[in-house]
Amino acid sequence: MIFRSIHIKEGMSERTIDFSEGVNLIHSDKNSRGKTTLVRFLLYSLGYNIPNTRKIKFDRCEVTAKLYSEKCGDL
C-alpha cells in the first residue's frame, strides 16, 4: 500500500499533502514542525484510534487519504 496524498480539514483550516513517487522522508532539523502529527493523521486515515493532543481533536477533523495498492490499484 502506498499513500498518494492526504487531505486534512479541521474547522476552516484545510491542507492537502501530495506524496512523491518512491520514498518520502518526513524530517526537520527543528522540533514542533508537525512530523509526528502527520504520521498520526496517516494512521488515523487508516482507521487507527489516535488519542487527541492538546491542539488537535481527531474526531473533529475530516481526513481523506488517497492510496494505491498493487492488488486493487488506486483507492
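The values are calculated or read from the model by the stated rules, or taken from the named source; none is laboratory data. None of the values given here were measured: they were computed from a predicted structure. Every residue, glycine as well, gets a Cβ built from its backbone with ideal geometry; the counts of neighbours run over all protein chains shown. The protein model used for the area step is the full one, side chains on, heavy atoms only, and it has no ligands, DNA or RNA in it. Shrake-Rupley method; radii C 1.70, N 1.55, O 1.52, S 1.80 Å.
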Low-density loop GluC sites (Glu not before Pro), the chain, at most 14 other Cβ within 10 Å, DSSP non-H/G/I/E/B, are E21, E70
Mind checking the dipole of the chain: about its Cα centre, +1 per Lys or Arg Cβ, -1 per Asp or Glu Cβ, Debye to the nearest 20? 400 debye
Say each of S13 and K55 gets a label point 7 Å from the Cα, pointing the same way as Cα to Cβ; how far apart are those two points in nm? 0.6 nm
Treating the Cα atoms of the chain as identical point scatterers in vacuum, please give the log10 of the normalised Debye intensity I(q)/I(0) at q = 0.25 Å⁻¹, two decimals. -1.33
The set of residues whose placed amide H lies less than 5 Å from the amide H of L67, leaving out same-chain residues fewer than 5 positions away, is R4, L75
Would you tell me the accessible area of C72, worked out with a 1.4 angstrom probe on the heavy atoms of the protein chains, in Å² to the nearest 10? 90 Å²
Along segment 12-20, Karplus-curve 3J(HN,Hα) (6.51, -1.76, 1.60; θ = phi - 60°) to the nearest Hz, with x for Gly and Pro, reads 8, 8, 9, 8, 10, 10, 9, 9, 7
For the residue pair L46 and L75, what label-to-label distance in nm results when each label sits 7 Å from Cα along the Cα-to-beta-carbon direction? 0.9 nm
Please give the helix 35-45 orientation as an angle from the longest Cα principal axis of the chain, in degrees from 0 to 90, rounded to the nearest 10. 60 degrees
Find the accessible area per residue for the chain; the probe is 1.4 Å, ligands and nucleic acids are left out, and the unit is Å². 83 Å²
